[in-house]
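Notes follow once the structure below has been shown.
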Amino acid sequence: MKAKRQESSVAPERSTDEATYRVQDVPKHLVITNGDIAAASLLGIGAADEVLAWRDVLHEGPVPATATLAELSAIRAAFIEGAGWSGPDVAADFAARDAVLLANDAFETVTLWFEHDLYDQLQLIQILDWFATHPRRDPASLRLVAADTYLGEMSHEQLADLARVAAPVSDAELDLGRRAWQAFRAPSPEPVAVLAAALAARAPMAPDEARSRRDDDGVATGSAHPLPHLCAALARMLDELPDARTGLSLTEATILRLIRDGVTRPVDIFVALGDRESARFMGDLQVYATLDRMAAWPSPLIDGLPPPLNARHEADERKRYLTARLRVTLIGAEVMTGHADNLAHNAIDRWWGGTHLTKVNAWRFDRNVRRLIMAK
């Protein structure tokens, strides 16, 4: 994770119990978006007076249910810094980011700009959940731009066209965002699986059939789904659970197949992984962290990898890592072909949203029939 903090005109002041916020000369229009590349592009077209980059890699590491935004931000900052994906100032960056969000009513408008991929959709539901429980004084001044491609790759003209279709966030979008965020932070993946299945079972209705209603699962229906990219994002997140047969996440399984097929350098694996996604969402450091995990297990699935890479490595260390030639081990080949179960050889200990996957809480997902398998 690489992030450079946008200077904010909202400065936090500490009281004995919690942060309070002082606003000085706040501009009129705020945009909240995924990261710094999109933020720079949106500032470049004059989409806002201030752009807030969210930056969090929510598909990696712990995202448990917490009482406050500050508590969750502290957990996330500690994880990201510990992973080596950012400098030591990430906690301060998140505190400054949260201060702007808490002071959002000082802006005349707030527009959320987010893409279709998993990285963005998780950020979007977190922010929608916050606004669902902290509504703006003028609800119509909260707007959404739901992009079906990557903001950082769009021209200024394309971004300007997209800005013109920004629409007020609806009650249905707020409600679905809140429910999805609560599901994602649950201590088991069951709520996400239930919600993803409910969304997948519904096709958008024709305009002349549109009506306001809510089904048995609480999903609002109408002329189009609220948050049209959320269903695919949740489905992709479920694919990161251990497979029913191999115990591998989809990313881990794809990495083994790529190496088997001759894509052996980490830098090439990162590119090839992205090419195989319908919506790219993993950054380079997250892919390399997955490689590190697969090489460091008691029964490694790959070998040939140098020591782990992080954002603070020197250029020569980075080059050595990126150009290493990796191989699939014997046990890696057996797991890849389904003749062995990775979880029988390597204990799992990682977070999937609010679910801590461990030996005694090893949820699995059958990707063939899209079925969650309860931990035994």
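The table for this structure:
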{"quantity": "Every residue from segment 61-82 that is in contact (Cβ under 8 Å) with a residue 60 or more places away in the chain, surrounded by fewer than 20 Cβ atoms within 10 Å (Cβ to Cβ) and aliphatic (A, V, I, L, M)", "calculated": "65, 69"}
{"quantity": "Residue, farthest from the chain's Cα centre (by Cα), within segment 110-142, restricted to residues that are crowded, with 19+ Cβ neighbours inside 10 Å and polar (S, T, N, Q)", "calculated": "111"}
{"quantity": "Residue 262 being surrounded by fewer than 21 Cβ atoms within 10 Å (Cβ to Cβ) and modelled with pLDDT under 90", "calculated": "no"}
{"quantity": "Helices (runs of 4 or more DSSP H) within segment 241-337 that include 3 or more residues closer than 24 Å to residue 150 by Cβ", "calculated": "250-260, 266-275, 284-296"}
{"quantity": "Any hit, segment 348-358, residues being in contact (Cβ under 8 Å) with a residue 24 or more places away in the chain, closer than 24 Å to residue 198 by Cα, small (Gly, Ala, Ser) and part of a strand (DSSP E or B)", "calculated": "yes"}
{"quantity": "Filter result for residue 270 (closer than 27 Å to residue 176 by Cα and in the same structural domain as residue 329 (by TED's automatic domain parsing))", "calculated": "no"}
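The rows are residues; the columns are (1) touching a residue at least 60 places away in the same chain (Cβ under 8 Å); (2) buried (at least 18 other Cβ atoms within 10 Å of the Cβ); (3) not basic (Lys, Arg).
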site	(1), (2), (3)
243	yes, yes, yes
253	yes, yes, yes
257	yes, no, no
276	no, no, no
289	yes, yes, yes
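The values are calculated or read from the model by the stated rules, or taken from the named source; none is laboratory data. These numbers come from a predicted model, not from an experiment. Because the Cβ atoms are built from the backbone with ideal geometry, glycine has one as well, and the counts that use them run over all protein chains shown.
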